[in-house]
Amino acid sequence: MERVVATRTSAVQGAMVPFMSFLREVEAAEAERGPRLSNLAFGNPQDLPMRGYVDALQHAAEPEHKDWFAYTLSDPGAQRVVAESLRAELGLPFDPEDIAMTSGAFGALAAALLAIVDPGDEVVMNLPPWFFYEAMIVSVGGVPVKVTVDRETLDLDLGAIEAAMTPRTRAIIVNTPNNPTGRVYPPETLERLATILAAASERNGRPIWLISDEPYRKLRFYGAPFTSPLSLYPYAMMIYSYGKILLTPGQRMGYLALPPTLPERRVVRDAIMTVQVAGGWLFPNALLQHAIAELEPMTIDLSELARKRDHLVTALREIGYEVHAPEGTFYLLPRSPWADDHAFTRVLIEHDILSMPGAVMEFPGFFRLSLTASETMIDRSLPGFAAAFAHATTHPAPVSATATVGVSR
Ligand SMILES: Cc1ncc(COP(=O)(O)O)c(C=O)c1O
């Protein structure tokens with residue numbers, strides 16, 4: 001029987017091939033090497049959750065009225081907490097009604113794309129991207145247009161973005177602080193981007209949306225300054241998740257915020273609410289929304305994260321790796337000593353280190369490490385990083401090891 005699933009679903013699956021084949025490799029490595037494997041591949045917690053987080057959920061579990069666990073859209077109390085917090089953090093007068101509470105950044109991105117993308121509309125995404133942008137764009141009938149960041153500075157390539165604008169351009173996704181580069185885009189870059197988008201919108205006779213994916217916004221090192229694109233461009237949507245700052249990605253809460261400068265806020269906010277319902281209830285569970293006043297100010301230990309960053313960056317550089325110290329997020333993106341990053345990450349696995357090849361993120365020649373690994377894991381991985389580097393700098397990359405990760409698209 002042919003076509004048991006929709007054509008579009010096959011296209012979405014196609015977009016997820018690199019990530020899914022990487023997951024299979026991870027499972028194989030875990031099965032083969034067992035608990036001695038240090039997992040630096042994913043931004044998952046490797047320690048128990050914060051006690052304060054558990055307490056907040058326990059407090060929120062105590063019902064205060066009969067509707068406590070009734071169907072809950074964006075809870076007005078939660079919207080107020082977020083708007084006030086954003087006002088204090090970014091100095092922008094957000095309207096609580098312009099905050100849509102979502103099932104994490106995933107839910108916010110889905111709602112944003114569902115609300116603004118028509119079939120055939122182009123959505124620009126920067127490489128290296130977060131792995132699911134392409135699949136999510138394709139799933140709403142959009143056409144991903146890929147622009148690679150500057151490989152030296154890891155900043156947005158504004159010339160390439162400008163060249164990518166066409167009459168079908170509907171949106172651009174910008175992720176700052178960036179997963180996986182760790183870059184926080186400077187205000188000058190974002191100002192010039194806003195000018196490019198405004199000019200292209202004018203030419204097209206309809207707005208080009210800037211989807212500002214900011215789930216790592218509060219994960220910045222040593223007070224690195226942050227500019228939200230929402231302060232510079234009105235047709236913008238902010239995407240946020242609590243899963244990063246609280247390191248609880250399995251508890252799904254985030255939001256989509258519209259800037260106070262957006263001209264048609266009422267229309268857009270209604271559209272977002274509608275697609276959240278029709279898209280499959282893209283709201284956080286009531287429990288998490290009740291807990292938000294306690295969760296909003298909470299963060300994982302940022303000084304511990306900075307210690308891990310400094311320790312790993314220094315150690316890798318001493319070994320000989322080229323690595324940029326990230327300004328934000330919990331990722332490092334060292335250059336692979338072999339051009340074939342996938343072959344190199346296999347050598348790391350032989351030394352009990354799991355990392356993510358740049359090939360999975362369409363950014364060959366690099367590999368990603370996550371600082372959510374415990375200090376013990378990081379310490380015990382250092383001799384392996386040294387041995388793998390020594391191997392790679394004294395041997396050519398094996399030809400046969402290249403890409404089962406599907407990077408040929
Ligand atoms: C850049 C980026 N956007 C969105 C998400 C999705 O976040 P969440 O799973 O908390 O919804 C992630 C998670 O890894 C991410 O790195």
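The values are calculated or read from the model by the stated rules, or taken from the named source; none is laboratory data. Here the structure is a predicted model, which means the values were calculated and not measured. Quick reminder, even Gly has a Cβ in these numbers, built from the backbone with ideal geometry, and neighbours come from all protein chains shown. Accessible surface is based on the protein model in full, side chains and every heavy atom, while ligands, DNA and RNA are left aside. Shrake-Rupley method; radii C 1.70, N 1.55, O 1.52, S 1.80 Å.
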Requested in this report: Might you tell me the accessible area per residue for region 17-71, computed with a 1.4 Å probe and given in Å²?
Outcome: 65
Query raised in the report: Treating the beta-carbon of each Lys and Arg as +1 and of each Asp and Glu as -1, no other charges, what is the dipole magnitude of region 294-377 about its Cα centre, to the nearest 20 debye?
Result: 240
Report summary line: Residue-normalised value, i.e. accessible area per residue, for region 193-232 at 1.4 Å probe, in Å², stands at 37
Query raised in the report: Which is farthest toward the positive dipole end of the chain among Gly182, Ala386, Val138, measuring Cα position about the Cα centre, with Cβ charges +1 (Lys, Arg) and -1 (Asp, Glu)?
Result: Val138
Report summary line: The extension gain from Arg24 to Ala163, computed as 0.36 nm times the residue separation minus the Cα-Cα distance, is 46.4 nm
Report summary line: Simple spin-label estimate for Tyr222/Glu2, 7 Å along Cα→Cβ, in nm, reads 6.1
**Report entry** Note, ³J(HN,Hα) from phi for region 373-390, Karplus 6.51, -1.76, 1.60, rounded to Hz, x at Gly and Pro
**Finding:** 4, 6, 4, 4, 4, 4, 4, 6, 7, 4, x, x, 4, 5, 5, 5, 5, 4
Report task. Provide the per-residue ³J(HN,Hα) series for region 154-167, in order, calculated from phi with Karplus coefficients 6.51, -1.76, 1.60 and θ = phi - 60°, each as a whole number of Hz, with x at glycine and proline positions. Result -> 6, 7, 4, 8, 5, x, 5, 5, 4, 5, 7, 6, 9, x
Query raised in the report: Within region 44-121, which GluC sites (Glu not before Pro) sit in a loop by DSSP and count at most 11 neighbouring Cβ atoms inside 10 Å?
Result: Glu64
Query raised in the report: Using 7 Å Cα-to-Cβ label points, what is the Glu322/Glu84 separation (nm, one decimal)?
Result: 4.9
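Give me the net charge of Leu302's neighbourhood, meaning all other residues with Cβ under 9 Å from the Cβ of Leu302; Lys, Arg count +1, Asp, Glu -1. Before the final figure, lay out each step's value.
Details: positive: Lys218, Arg220; negative: Asp301, Glu304.
With Lys, Arg at +1 and Asp, Glu at -1, the neighbours total 0.
How far, in nm, would the chain grow between Ala11 and Thr274 when pulled straight, counting 0.36 nm per residue and subtracting the alpha carbon separation?
Residue separation times 0.36 nm, minus the Cα-Cα distance, leaves 92.2 nm.
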**Report entry** Leading residue at positive end of dipole, the chain (Cβ point charges), from Phe42, Tyr53, Val82
**Finding:** Phe42
Query raised in the report: Using a 1.4 Å probe on the protein chains only, how many percent of the accessible area of region 65-221 belongs to carbon and sulfur?
Result: 54
Report summary line: With -39,500 (n - 2.57) per DSSP H segment of 4 or more residues and division by the full residue count of the chain, the 222 nm estimate, nearest 500 deg cm²/dmol, is -13000 deg cm²/dmol
Query - For the chain, alpha-carbon Rg over 2.2 N^0.38 Å - result: 0.99
Requested in this report: Give me the lysines in straight-line cross-link reach of Lys244: C-alpha distance below 21 Å, same-chain residues under 8 apart excluded.
Outcome: Lys218, Lys308
Query raised in the report: Tell me, Kirkwood radius of region 31-181 from alpha-carbon pair distances, in Å?
Result: 19.2
Query raised in the report: Using 0.36 nm per residue, how much length does the chain from Leu92 to Asn285 gain when fully extended, once their Cα-Cα distance is taken away?
Result: 66.8 nm
Query raised in the report: Going by accessible area, probe 1.4 Å, with all protein chains left in place, what is the ranking of Arg252, Arg368, Arg36, Arg170, largest first?
Result: Arg36, Arg252, Arg170, Arg368
Query - Exposure ranking of Lys308, Lys218 by accessible area [1.4 Å probe, largest first] - result: Lys218, Lys308
Query raised in the report: With charges set only on the Cβ (+1 for Lys and Arg, -1 for Asp and Glu), what does the dipole of region 51-295 come to about its Cα centre, in debye to the nearest 20?
Result: 180
Report task. Under 1.5 on a/c is rounded, so check that first for region 191-256, then, if it is not, pick prolate when a/b is larger than b/c and oblate when it is not; a ≥ b ≥ c are the square roots of the alpha carbon gyration tensor eigenvalues. Result -> oblate
Query raised in the report: Rounded, prolate or oblate: which one fits region 51-295, using the alpha carbon gyration tensor with axes a ≥ b ≥ c (rounded when a/c is under 1.5, else prolate when a/b beats b/c, else oblate)?
Result: prolate
Requested in this report: Work out from phi, with θ = phi - 60° and the Karplus expression 6.51 cos²θ - 1.76 cosθ + 1.60, the ³J(HN,Hα) of each residue of region 16-33, listed in order in whole Hz, and give x for Gly and Pro.
Outcome: 9, 4, x, 5, 5, 6, 5, 4, 5, 5, 4, 4, 5, 5, 5, 5, 6, 9
Query raised in the report: Within region 51-295, what percent of beta bridges assigned by DSSP are antiparallel, to the nearest 5?
Result: 30
Query - Residues whose placed amide H lies under 5 Å from that of Val145, excluding near-sequence neighbours - result: Val123, Val124, Met125
Query - With DNA, RNA and ligands ignored, accessible area of Ile208 (1.4 Å probe; Å², nearest 10) - result: 0
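For region 328-367, what is the accessible area per residue in Å², given a 1.4 Å probe and the full set of protein chains? Spell out each step's value before the answer.
Working: 810 Å² over 40 residues.
Result: 20 Å² of accessible area for each residue.
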Query raised in the report: Out of Gly243, Thr261, Val26, whose Cα points farthest toward the positive end of the dipole of the chain (charges: +1 Lys, Arg; -1 Asp, Glu; placed on Cβ)?
Result: Val26
Query raised in the report: Pick from Ala70, Ala306, Ala198: which residue has the top mean-square fluctuation in a GNM of the chain where Cα pairs under 10 Å get a spring?
Result: Ala70
Query - Glu27, Glu264, reordered so the largest accessible area comes first (probe 1.4 Å) - result: Glu27, Glu264
Query raised in the report: How many percent of DSSP beta bridges within the chain run antiparallel, rounded to 5?
Result: 40
Report task. Quick one: angle between helix 187-204 and the longest Cα principal axis of the chain, in degrees between 0 and 90, rounded to 10, please. Result -> 60
Report task. Pick out which of Glu214, Glu296, Glu362 has the largest mean-square fluctuation in a Gaussian network model of the chain, springs linking Cα atoms closer than 10 Å. Result -> Glu296
Report summary line: Highest mean packing first, using Cβ neighbours within 10 angstrom, the peptides 178-189, 2-13 sort as 178-189, 2-13
Requested in this report: Might you report the magnitude of the Cβ-based charge dipole of the chain about its Cα centre, with Lys and Arg at +1 and Asp and Glu at -1, to the nearest 20 debye?
Outcome: 460
